[in-house]
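The values are calculated or read from the model by the stated rules, or taken from the named source; none is laboratory data. Everything numeric in this text was worked out from a predicted model, so none of it was measured. Here Cβ is always computed from backbone atoms with ideal geometry, including for glycine, and neighbour counts include all displayed protein chains.
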Amino acid sequence: MKTNSSLRAVLLAVLGASSLAGCNHTLRQDMANQPRQNTLSPTSFFADGRSERQPIENTVARGSIEDDALFVLKDSNAFPLPITQELLQRGQERYNIFCTPCHGLQGDGQGMVAVRGMKHPPSYHQDRLRQEPNGYIYDVVTNGFGAMYGYSAQIPPRDRWAIIAYVRALQLSRNAHVADLPAGLREKLLAQGAAK
C-alpha cells in the first residue's frame, strides 16, 4: 500500500515537472511585447506598401459633418440638393426601408411598430411638422428625437436629404389644393370629377 502511494507521488511529480518544462516564457504573449504597426509606417503586408488603409466609402470622420457641403443649420429652410425625380425616388426607397416601420407608408405615424404597441410617432401632416424648417428634420434624422434614434450611422447625408424631399412630397400630397396643381393635371382631375 505504501509503495503504491509513493509510486503515485513520484508519477505526479514527474508529470508536473514535464508539464512545467513545456511552459516557456516565450510562449506567453505580453501586452507590451505584441506585434503591431506604427502609424504611417511602411509595411510589406499590403501591395501598396502602406500600413494606413483608405477609409471605407461614406465614412464620416468625427466632427467633420460641420464641414460637409450638405450640412444645414437646424433653423434653416435651405435645401442643398436640386430636387429631381431621381432624388424623390431615392428618398421614397430609403423612406420605405428606414422610416415606414414607425411612420407608416403615408407618414401618418401608423407604421407596423406603432400598430403593435410602441409609441406612435407624430404624423408628418400636422401643422407643426409641416411648418418645421428642413434643417430641423435633417437634425432629427441625423441625431434622433424622443423615442427615435439617430440614423447618422445608417443613412449617408445625401440619402437623408432624399428622405426629407420625399417627406415634403408626402406632406404636399396630403394637403394640396386643386388650384396648386399644374394646368394639365387640374383639367384631368376636373374631367374625372365631372365624369362621375
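Figures for the structure shown
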read-out	value
Residue check for Ala114: at pLDDT below 90 and either exposed (fewer than 12 other Cβ atoms within 10 Å of the Cβ) or in a loop (DSSP other than H, G, I, E, B) (or both)	no
Members of segment 89-130 found to be touching a residue at least 40 places away in the same chain (Cβ under 8 Å), within 16 Å of Met148 (Cα to Cα) and not hydroxyl-bearing (Ser, Thr, Tyr), listed by number	Phe98, Cys99, Cys102, Gly107, Leu129
Residue match in segment 86-108 (condition: more than 12 Å from Tyr166 (Cα to Cα), touching a Pro at 6+ places or on another chain (Cβ under 7 Å) and either of a type in the set (Lys, Arg) or assigned to a helix (DSSP H, G or I) (or both))	yes
Residue that is farthest from Gln126 (Cα to Cα) [pool: residues in segment 179-196 that are surrounded by 10 or more Cβ atoms within 10 Å (Cβ to Cβ) and at pLDDT below 80]	Leu181
Qualifying position, being under 22 Å from Thr59 (Cα atoms), modelled with pLDDT of 90 or more, acidic (Asp, Glu) and under 24 Å from the mean Cα position of the chain (by Cα), among Asp159, Asp108	Asp159
Of the criteria (1) of a type in the set (Gly, Ala, Ser); (2) assigned to a helix (DSSP H, G or I); (3) in contact (Cβ under 8 Å) with a residue 40 or more places away in the chain, which one Gly184 fails	(3)
Residues of segment 118-131 classified as within 18 Å of Arg174 (Cα to Cα) and buried (at least 16 other Cβ atoms within 10 Å of the Cβ), total	5
Test: residue in segment 133-140 that is surrounded by 17 or more Cβ atoms within 10 Å (Cβ to Cβ), in a loop (DSSP other than H, G, I, E, B) and modelled with pLDDT of 90 or more	no
